[in-house]
Amino acid sequence: GPPGFALLLVMDGSETMAEEQAAIAEQLPAFVASLARGDGDGDGLRDFDGVERIHLGVVTTSMGTAGYDVPGCGDSEHGDDGILRTVGDTSAPGCTDSYPSFLSFDRFDDDDPEAVGRDFACVARVGTSECSYPQPLEAALKAVTSSASGVSFRGGTRGHADRANEGFLPHDYRLAVVVVTDRDDCSVLDPDVFDSSSPHYDGDVATRCARHPGALHPIDRYAELPERVLFAVVAGVPPELVADPLAIDYDAVLAAPEMQQVPDPAGPGGLRASCHVPDRGAATPPRRLVEAARAVTQTGGQSLLASICEPDLNRLLEALRERIGLAYGEGCMTPPLVREASGLVDCDLIEVLAAQGEADRTRCDEIPGRERIGALLSDSGRSNELCVVRQLPVIDGVPTPGDGWYYDDVSAEARYACRTGRFTYSRGAYLARGSTYFVECGPAAIPTQLAEGSPCPSPSASCARGDTIGDGYCMDDLACDRRTDTMRVPCSAREESGGCPCDSAGLCALSSCRTVPRP
């Protein structure tokens, strides 16, 4: 079935964030309910298959100041350290003082998504007493990184994913990270930047993160976020630069005059403001956060960007809901399909339209890109029309214009939603409400499946489970055994299950030997 989603909210808890926290929290119950029900526009009708399992967690942007005494930073050592919050805002109606480290919705447990969303909102109100030097990138990375990974943090510490935050991000869940702040990221590599008497970093501590980028972790570090992450930012970008959070020109945003970090003693954080909201305050240019969002898109993830200076802060949540819906609206295919020279795959997509009375039923010829091929008659005398949907060729990675469906293994959305490819409708030919579909594929569409004992495609062949190699699809982690010219399961650095021994070639000695699936 489709994966679950873990949504990590990285909330700035500095003194200027009270109104923004309240605005986001107000939207969360309806947001969680819409994800669970698949109702993206709130009209009561399903727009995508609802997310069956959702984990919701909150961390703050406070990562401490390495022991230096910095005004406004209470815990000067590690701050909140990327550990999921369990404290609720008891000043808000219906909130208690304690919650689990993450909230969980499971459709099969009959959970109430709105109730889960209300609890999420209580935890999301983190208060305004946190350190005014936010480190959201480092907080997010530490929250979701395993202690067994090669990533280390200040003082040689390790990530919390399998320790303090255990269970939040199961290996089969997708991850969405949402950063909310009115400042830029200050994820510190050299903690001496917080030392007011440092001989290396001059001037006011408040502006050092902007003036000394070499003291901060490089943006490339955050490519260590889990594969195919959805990274969303609500920060001080002028609203006119991010009118559509799903279609951002990151280079243009970074080049805008308002996004340059210019010292201003009278400005927020000692910098000239990038945008203002009347009666709510100002924000500073979030250059590092925009650079991180751009980097995520360059490594196969998805990014969204919205302005914290919008009067209504629900625009990002609407975009986030739409992006998550893309992962559930249409079917991923495993194994991947083989595309012919024509740009088509050897498959038919058949729709079964909703069964209705003769006078009001939906017909194939009323929907773009369909052709009627028959009907199914129910015991009650109502019929379902059967339609074949027109397939659009994909040439040089671009679907041919028209109404119908196409096999998408090239777009960023498909890579995010699936490890392989999926069936995608053109904009004018979405699946009719209440209808279902099934797919019939011929042998030309199915790649050769490589398993233990399959002939080697080449003497040096090796692949991970789910990879394609030549015309083959790997059903397991495999490597060629040159002695037998067959594919075998390799021994690896990962712990092996079942106590299976390795042979002299570094391959599993028993056919029952399998390695533990990667997280």
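Name the residue from Pro459, Gly79, Ser383 whose Cα lies farthest towards the positive end of the charge dipole of the chain, charges +1 on Cβ of Lys and Arg and -1 on Cβ of Asp and Glu. The residue sitting farthest along the positive end of the dipole is Pro459. For region 158-251, the relative contact order works out to 36 percent when only alpha carbon pairs closer than 8 Å and six or more residues apart are counted. Among the protein heavy atoms of the chain, carbon and sulfur supply 50% of the accessible surface, probe 1.4 Å, non-protein parts ignored.
In region 16-71, which trypsin sites (Lys or Arg not before Pro) fall in coil by DSSP and have 16 or fewer other Cβ atoms within 10 Å? Don't skip to the answer; put the middle values down first.
Details: sites: Arg37, Arg46, Arg53; in loops: Arg46.
Passing sites in region 16-71 are Arg46.
Among beta bridges identified by DSSP and lying wholly in the chain, the antiparallel ones come to about 60 percent. Mean separation of Cα pairs under 8 Å and 6 or more residues apart, divided by the residue count, gives the chain a relative contact order of 11 percent. In a fully extended conformation the segment linking Asp204 and Ser98 would gain 34.4 nm over its present Cα-Cα distance, using 0.36 nm per residue. Between Ser458 and Ala164, the modelled label-to-label distance comes to 4.7 nm, taking each label 7 Å out from Cα in the direction of the beta carbon. Model label sites at Ala255 and Glu19, defined 7 Å from Cα along the beta-carbon direction, differ in position by 3.3 nm.
Against the chain, whose longest principal axis is taken from its Cα atoms, helix 287-298 shows a tilt of about 20°.
Between the alpha-carbon centres of region 146-209 and region 1-27 there is a gap of 18 Å.
Over region 87-176, what is the relative contact order in percent, taking alpha-carbon pairs closer than 8 angstrom and at least six residues apart? Don't skip to the end; give the middle numbers.
On the way: 86 pairs, mean separation 17.6, N = 90.
Across region 87-176, relative contact order equals 20 percent.
The smallest convex shape that holds all Cα atoms of the chain, its convex hull, gives 196 Å³ per residue. Placing R0 at 60 angstrom, the Cβ-Cβ distance between Thr486 and Ala266 gives a FRET efficiency of 0.25 after rounding to 0.05.
Report the per residue volume, in Å³, of the convex hull enclosing the C-alpha atoms of region 256-330.
Values: hull volume 7.4 nm³, N = 75.
With only Cα atoms used, region 256-330 gives 98 Å³ per residue.
Need the full-extension length gain, Ala451 to Ser149, defined as separation in residues times 0.36 nm minus the C-alpha distance. One decimal, nm.
On the way: separation 302, 0.36 × 302 = 108.72 nm, distance 2.83 nm.
Length gained between Ala451 and Ser149: 105.9 nm.
Distance between the modelled labels on Asp503 and Asp109, one decimal in nanometres: 4.5 nm (7 Å Cα→Cβ projection). Between Leu304 and Phe231, Ala232, Val233, the built amide H atoms are under 5 Å apart, and every one of these is 5 or more places off in sequence or on another chain.
The values are calculated or read from the model by the stated rules, or taken from the named source; none is laboratory data. None of the values given here were measured: they were computed from a predicted structure. Ideal geometry is used to build each Cβ from the backbone, glycine not excepted, and the neighbour counts take in all protein chains shown. Each accessible area value is taken on the protein alone, full model and side chains, heavy atoms only, with ligands, DNA and RNA left out. Shrake-Rupley method; radii C 1.70, N 1.55, O 1.52, S 1.80 Å.
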